[in-house]
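S.K.: I am attaching a structure below and will ask some questions about it afterwards.
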Amino acid sequence: DAGVTQSPTHLIKTRGQQVTLRCSPKSGHDTVSWYQQALGQGPQFIFQYYEEEERQRGNFPDRFSGHQFPNYSSELNVNALLLGDSALYLCASSLGGGTGDEQYFGPGTRLTVT
Amino acid sequence: SQQGEEDPQALSIQEGENATMNCSYKTSINNLQWYRQNSGRGLVHLILIRSNEREKHSGRLRVTLDTSKKSSSLLITASRAADTASYFCATKRTSGSRLTFGEGTQLTVNP
């Protein structure tokens, strides 16, 4: 039973570029949430996808967008990268639009913007 | 913005000692969860306590919740060097399903 997987593991981009991060949820899960974790801080909620729609969104600009595919996997896109976007991006999967209590986290993608 | 605040920010103990971490939050919640994170990698779910529960145990972990004080504590008994990690509390509000995390406590267990 595969857990949550994310790709790539590490990524280095230049200011102004665009990046796409990918997440496959735990088997049987249909909801994907994305979090940004800056160094030394707790994760902050970006948005959640369920039934291929964005259901909830945190306090992040429109440069952050996402998508969920019919197989429940998800992508996080960030446009016009800023130095401040450097962080660990975590994907979490759960059931039923987040009504399930537990979220299972992937290993994360470390994004460095230079 | 972060809802939770963990206390202390950093804790260093010897193997075999108990470690206690505290978490405070600001709004009403459906449940509170504790997660562990090793070296900036993914979060591992440790334990969940619902708003109508006061205490919960799982192995060497004991969690308490005081909704009147909007606070929770995580006790790790008989700590091991392998317990060295960052520990985060996260709340799930009554409405909505997002998790709101605190800033975390960095626990170091010295062998």
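The values are calculated or read from the model by the stated rules, or taken from the named source; none is laboratory data. Note that the structure is a prediction, hence the values are computed from the model and not measured. Cβ coordinates were reconstructed from backbone atoms using ideal geometry, including for glycine residues, and neighbour counts include every protein chain displayed. For the accessible areas, the whole protein counts, side chains as well, though only heavy atoms, and no ligand, DNA or RNA atoms are used. Shrake-Rupley method; radii C 1.70, N 1.55, O 1.52, S 1.80 Å.
S.K.: Across segment A:75-96, which residue is nearest to the other protein chains (Cβ to nearest Cβ) among those that are open to solvent by 20 Å² or more (accessible area, probe 1.4 Å) and in contact with a Ser or Thr (Cβ under 6 Å, 6 or more places away or on another chain)?
M.R.: That would be A:Ser86.
S.K.: Would you call A:Tyr72 open to solvent by 40 Å² or more (accessible area, probe 1.4 Å), within 12 Å of another protein chain (Cβ to nearest Cβ), under 30 Å from B:Thr94 (Cβ atoms) and touching a residue at least 12 places away in the same chain (Cβ under 8 Å)?
M.R.: no
S.K.: So, one more: Restricting to segment A:18-52, give me the number of residues that are in a loop (DSSP other than H, G, I, E, B) and either in contact with a strand residue (DSSP E or B) (Cβ under 8 Å, 6 or more places away or on another chain) or farther than 21 Å from A:Leu83 by Cα (or both).
M.R.: The total comes to 13.
S.K.: Let me ask another. Would you call A:Gln48 polar (S, T, N, Q), open to solvent by 30 Å² or more (accessible area, probe 1.4 Å) and either closer than 27 Å to B:Gln9 by Cα or within 13 Å of chain B (Cβ to nearest Cβ) (or both)?
M.R.: When the stated conditions are applied, A:Gln48 does not pass them.
S.K.: Another one. For B:Val63, indicate whether it is within 17 Å of A:Glu102 (Cβ to Cβ), open to solvent by 70 Å² or more (accessible area, probe 1.4 Å) and either among the aliphatic types (A, V, I, L, M) or not in a strand (DSSP E or B) (or both).
M.R.: In short, no.
S.K.: Only one residue in B:Leu74, B:Leu99 is within 12 Å of B:Trp34 (Cα to Cα), free of Cβ contacts under 8 Å to residues at least 60 places away in the same chain and either in contact with a helix residue (DSSP H, G or I) (Cβ under 6 Å, 6 or more places away or on another chain) or among the aliphatic types (A, V, I, L, M) (or both), so which one is that?
M.R.: When all the criteria are applied, what remains is B:Leu74.
S.K.: Considering each residue of segment A:1-16, count those that are touching a strand residue (DSSP E or B) at 6+ places or on another chain (Cβ under 8 Å), in a loop (DSSP other than H, G, I, E, B), open to solvent by 50 Å² or more (accessible area, probe 1.4 Å) and under 17 Å from B:His45 (Cβ atoms), and give that number.
M.R.: Within segment A:1-16, residues that are touching a strand residue (DSSP E or B) at 6+ places or on another chain (Cβ under 8 Å), in a loop (DSSP other than H, G, I, E, B), open to solvent by 50 Å² or more (accessible area, probe 1.4 Å) and under 17 Å from B:His45 (Cβ atoms) number 1.
S.K.: So, in segment B:21-59, of the ones that are of a type in the set (Ser, Thr, Tyr) and buried (at least 18 other Cβ atoms within 10 Å of the Cβ), which residue ends up nearest to A:Tyr104 (Cα to Cα)?
M.R.: B:Tyr35
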